[in-house]
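The values are calculated or read from the model by the stated rules, or taken from the named source; none is laboratory data. It should be emphasised that the depicted structure is a prediction, and the values quoted were computed from it without experimental measurement. Cβ atoms come from the backbone with ideal geometry, glycine included; neighbour counts cover every protein chain shown. Accessible surface is based on the protein model in full, side chains and every heavy atom, while ligands, DNA and RNA are left aside. Shrake-Rupley method; radii C 1.70, N 1.55, O 1.52, S 1.80 Å.
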Amino acid sequence: MLITFITSAVLVTSVLLVLSNLGTVADDTSKALRGAMQRIRSEGAMASWVAFCILWLTIFVLGLL
């Protein structure tokens with residue numbers, strides 16, 4: 001019973017910490033995407049753009065699993 005309570009408390013705390021930082025995560029992601037788009041436009045580096053998109057898609061898909 002005590003182990004279940006401790007596990008539940010850790011889980012709830014983890015969820016609250018993640019939810020409290022969603023704004024920061026979204027802000028950092030948008031800054032990274034904007035920076036990448038500016039580099040793509042200035043350098044014409046299509047291969048790095050494709051790799052960047054695949055990286056973020058992989059991160060988000062794995063996060064949903």
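Among the protein heavy atoms of the chain, carbon and sulfur supply 76% of the accessible surface, probe 1.4 Å, non-protein parts ignored. The residues of region 26-65 have, on average, 81 Å² of accessible surface per residue, using a 1.4 Å probe with all protein chains present. In this simple spin-label model, placing a label point 7 Å from the Cα along the Cα-to-Cβ direction at both Val10 and Leu22 gives a separation of 2.5 nm.
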